[in-house]
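Each remark here refers to the structure printed beneath this line.
The values are calculated or read from the model by the stated rules, or taken from the named source; none is laboratory data. As the structure is a prediction and not an experimental result, all values here were calculated from the model. Glycine also receives a Cβ, built like all others from the backbone with ideal geometry; neighbour counts cover every protein chain displayed.
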Amino acid sequence: MTTSDIHGALSNTAGLYFLLLSVWGFWRFFRKQGLDASYRGALVVAEVLVVLQALLGGYLWLAGLRPARMVHILYGLLLPAIIPAAFSYTKGREGRAEVLIYASLLLFGVGVVMRAYFTGIFTTP
């Protein structure tokens, strides 16, 4: 398995994990629940996953592999910023409205992962 294959597999994992967290967040919102320790922990795991994904993408860039479309780089920079942006916007609060914000942004993240996947077919220089 090449580094590029691992990068692709991690993107699938990130997309599915973001989707799972989004559904879980909407479930908590409709049950009139806020954030809890389990959900916050899952958000940390999601953040670590996309940061590793971005670092691996940076390594591939330095190794000479380039995405077919340069917008892929924008997606790679946007994904690790989603969860910290939500935390900053909510100021760390844990209520029902905040779980809706996280769930919505994570669903947006699923779309970003899909766009990144389809723009990221690597080419050699």
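General remarks:
- The set of residues in the stretch 22-79 being part of a helix (DSSP H, G or I) and of a type in the set (S, T, N, Q) consists of SER22, SER38, GLN53.
Every residue, every condition in (1) farther than 25 Å from LEU62 by Cβ; (2) of a type in the set (A, V, I, L, M); (3) in contact with a His (Cβ under 7 Å, 6 or more places away or on another chain), yes or no:
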| residue | (1), (2), (3) |
| --- | --- |
| GLY76 | no, no, no |
| ILE82 | no, yes, no |
| GLY92 | yes, no, no |
| ARG96 | yes, no, no |
| LEU105 | yes, yes, no |
| PHE108 | yes, no, no |
| VAL113 | no, yes, no |
| PHE118 | no, no, no |
| ILE121 | no, yes, no |
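- Some residue of the stretch 105-114 being within 20 Å of THR3 (Cα to Cα), modelled with pLDDT under 95, in contact with a helix residue (DSSP H, G or I) (Cβ under 8 Å, 6 or more places away or on another chain) and not in a helix (DSSP H, G or I): no
- Only residues that are of a type in the set (Val, Ile, Thr) and in contact with a strand residue (DSSP E or B) (Cβ under 9 Å, 6 or more places away or on another chain) were counted in the stretch 1-53, giving 0.
- Output for the stretch 80-92, where each listed residue is assigned to a helix (DSSP H, G or I) and either more than 17 Å from SER11 (Cβ to Cβ) or modelled with pLDDT under 95 (or both): PRO84, ALA85, ALA86, PHE87, SER88, TYR89, THR90
- The residue of the stretch 83-125 that is surrounded by the most Cβ atoms within 10 Å (Cβ to Cβ), among those that are under 30 Å from GLY64 (Cβ atoms) and polar (S, T, N, Q), is THR119.
- VAL99 under 19 Å from SER4 (Cα atoms), touching a residue at least 60 places away in the same chain (Cβ under 8 Å) and in contact with a Leu (Cβ under 8 Å, 6 or more places away or on another chain): no
- Residue count for the stretch 24-39 satisfying the condition of being touching a residue at least 12 places away in the same chain (Cβ under 8 Å) and surrounded by fewer than 14 Cβ atoms within 10 Å (Cβ to Cβ): 2.
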